[in-house]
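This report refers to the structure that appears directly beneath it.
Any read-out appearing in this document is the output of simple, stated calculations on the displayed coordinates, not a laboratory observation. Please read all numbers here as calculations on a predicted model, not as lab measurements. Here the Cβ positions follow ideal geometry from the backbone for every residue, glycine too, while neighbour counts run over all protein chains shown.
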Amino acid sequence: MLWSLTKVVLFVVLIAALALAAGMLSETGETMRIIVAGWEFTIGPVQAVIIALLTVVAVWLLLKVLGLLGATFRFLNGDETAISRYFDRNRERKGYKALSEGLMALASGEPRLALIRAQNAERLLGKPELTTLLVAQAAEAAGDRKRATEAYKTLLQDETTRFVGLRGLLHQKLAEGDREVALKLAEKAFELRPRHAETQDILLRLQADAGDWSGARATLGAKLKSGALPKDVYRRRDAVLALQQARTVMDDDASIEAREAAIEANRLSPDLIPAAAMAARSYIAKGDRKNATRVLKKAWEVMPHPDLAAAFAEIEPDETPQERLKRFRTLTNARPDNDETRMLLAELLVAAEDFPGARRALGDVATRAPTQRSLAILAAIARGEGADDLVVRDIVARAIAAPRGPQWVCDKCQAIHDGWQPVCENCGSFDSLSWRTPPVSTTSPALAELLPLMDARPDPGSEPTPPEEEQLPLDEIARRAN
């Protein structure tokens, strides 16, 4: 409203200024004489201005006529589109102007104006490869998803714009949560542009969500060939996909294929703990204990982990505690100063009832890095050495309140997982889980995974501990236990 009023005021001011200028010219009284071939013309100031304007118009018309004559001459010489191009030139100029204004409006955050300009450009230019994409993007930015979908489908009809249309529809389906259709669109887009990095990433994520591990490995190989992925990262992620492929095959009770896939995953990435454990179990199923031991020892040297120890125990399930302690020296001698190695050796010595040896093996782990597991081992040692029930109960109480220690934690969102997964269940990141202590330590409501020996309930005839009695420091507990 204000802008319309401003335009009216400016128009009135302009007319008034022209009228004033014409009055001033007429009042000057000066004239101009022109003599041409004996003819004399006397022209006043106002007439001079009018003649000048008419001369400009006449020159403009002359140029237009000359252009039309030139187009006619080219048409007569065989150029069949010369005249049509002459008349379409102005239309094309307006179309490109509307197109540029639409692009500027879209970049300026004015989707409605961009959509109007895009539709004008589409009408004037008749070049859908230029205007339809702008219409789609402007409609999508304006919230008109139906109009955007129609524009993207129009782009599918032209071979040169088919990939752009597929990409637009793909992002729409992802936003709607229709991952099944999105997967099919991503596969089509990947066929058209196998080296397109964004399409590769989207397709890989969708294939992983759908459990298509063989297809995901093929997509990962395409990323390597296109140079979008370093070779070491490719080997690691390919091992992750091979591991999941092995798990899927195992679920289907096809043990031969599962063994091959698990062993391949371990070969691709020896430091991948779940792959090493599964490969070892595959060797155990074949009766190849030597290779199972070799795989687990190599993985233990990289990172000691409870899953590796559990798989190592399955190699000889019926051995005595003394025999197991002797055989496990293959692992415990590999990384003797690691906390996981110390706790494993202490557990083996507790099972063998060598409690002083277990205390020496555990060292200061329970006081330096107290966790549920390390304190449970300390409680078992104290109970085995005949310590007072008060000492054992204090250690058990600390174990219940202690953090769980290292867990599978996502490096991107810090979500904690009960077991290793290739894709984070919280943020969807691929191969982002690592075995480490979470930033915020958590305690487990159930301590079923702790040693049974940590249960140090007092005898029925013993005196209950007064509730107001404070817990003893760990140093004092260790002194009393000794």
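Evaluate the distance, in nm, between pseudo-label points positioned 7 Å from the Cα of VAL181 and of LYS298 along their respective Cα→Cβ axes.
4.8
Once R0 is set to 45 Å, what does the formula 1/(1 + (r/R0)^6) return for the Cβ-Cβ distance between ASP337 and LEU224, expressed as a FRET efficiency to the nearest 0.05?
Efficiency, from the Cβ-Cβ distance: 0.75.
Restricting attention to segment 366-436, which trypsin sites (Lys or Arg not before Pro) occupy a DSSP loop and are surrounded by at most 15 other Cβ atoms within 10 Å?
When the trypsin sites (Lys or Arg not before Pro) of segment 366-436 are filtered for loop state and at most 15 Cβ neighbours within 10 Å, LYS412 remain.
Spin-label point model (7 Å from Cα, Cβ direction): what's the GLU92 to VAL57 distance in nm?
3.0
Write out the GluC sites (Glu not before Pro) in segment 295-391 meeting two conditions: DSSP loop, and at most 16 other Cβ atoms within 10 Å of their Cβ.
GLU314, GLU319, GLU353, GLU385
How would you classify segment 145-240 from its alpha-carbon gyration tensor, with a ≥ b ≥ c the square roots of the eigenvalues: rounded for a/c under 1.5, else prolate if a/b is greater than b/c, otherwise oblate?
prolate
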